[in-house]
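J.: I'd like to ask you about the structure that follows.
The values are calculated or read from the model by the stated rules, or taken from the named source; none is laboratory data. Remember, predicted model here, so these are calculated numbers, not experimental data. So basically every Cβ, Gly included, is an ideal-geometry build from the backbone, and we count neighbours across all protein chains shown. For the accessible areas, the whole protein counts, side chains as well, though only heavy atoms, and no ligand, DNA or RNA atoms are used. Shrake-Rupley method; radii C 1.70, N 1.55, O 1.52, S 1.80 Å.
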Amino acid sequence: MKYAKLPVEIEAWPVSELLENAKTNWLGLPLSIRNAYDKGDILFVNDGINIRTLEGIMSATYTDMVIEGVKGELYPCKIDIFQATYRSLGD
């Protein structure tokens, strides 16, 4: 059998942008990212972000995206997979 992904809207951010805001403009981070940090679910490191997921700790590198799923879960995604899977709906 073949399946197609249902069209759902997600939030996503470049790791590079999140790292920059974490250093210079904490309130510029999305609220879900700040909340996850406060809960210990994400950790900013020099060249990326470590994210606690249901599958364990996953690392998002500088060129990756961080996706917030439909249930508020956060997880990393490589940019090439992100670009092949998602399209922008604008702001």
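J.: Which number in (1) out of contact with any Lys or Arg (no Cβ under 9 Å at 6 or more places or on another chain); (2) surrounded by 13 or more Cβ atoms within 10 Å (Cβ to Cβ) marks the one condition that Lys5 misses?
T.: Every condition holds for Lys5 apart from (2).
J.: Filter region 69-78 down to the residues that are at pLDDT 95 or above and open to solvent by less than 60 Å² (accessible area, probe 1.4 Å), then identify the one that is farthest from the chain's Cα centre (by Cα).
T.: Selected residue: Cys77.
J.: Turning to a different aspect of this structure: I'd like to check something: does region 33-46 contain any residue that is within 11 Å of the chain's Cα centre (by Cα) and either assigned to a loop (DSSP other than H, G, I, E, B) or acidic (Asp, Glu) (or both)?
T.: No, because not a single residue in region 33-46 is within 11 Å of the chain's Cα centre (by Cα) and either assigned to a loop (DSSP other than H, G, I, E, B) or acidic (Asp, Glu) (or both).
J.: Within region 59-77, is there a residue that is out of contact with any strand residue (DSSP E or B) (no Cβ under 8 Å at 6 or more places or on another chain) and in a strand (DSSP E or B)?
T.: Within region 59-77 (the criterion being out of contact with any strand residue (DSSP E or B) (no Cβ under 8 Å at 6 or more places or on another chain) and in a strand (DSSP E or B)), the answer is no, since none of the residues qualifies.
J.: Being more than 17 Å from Trp26 (Cβ to Cβ) and of a type in the set (Phe, Trp, Tyr) is the filter here; which residues of region 36-76 pass it?
T.: Selection gives Tyr62, Tyr75.
J.: Tell me the residue from Asn50, Asn21 that is open to solvent by less than 100 Å² (accessible area, probe 1.4 Å), assigned to a helix (DSSP H, G or I) and at pLDDT 95 or above, please.
T.: Asn21
J.: Across region 33-46, what is the number of residues that are surrounded by fewer than 13 Cβ atoms within 10 Å (Cβ to Cβ) and either under 17 Å from Ser16 (Cα atoms) or of a type outside the set (D, E, K, R) (or both)?
T.: Matching residues across region 33-46 total 3.
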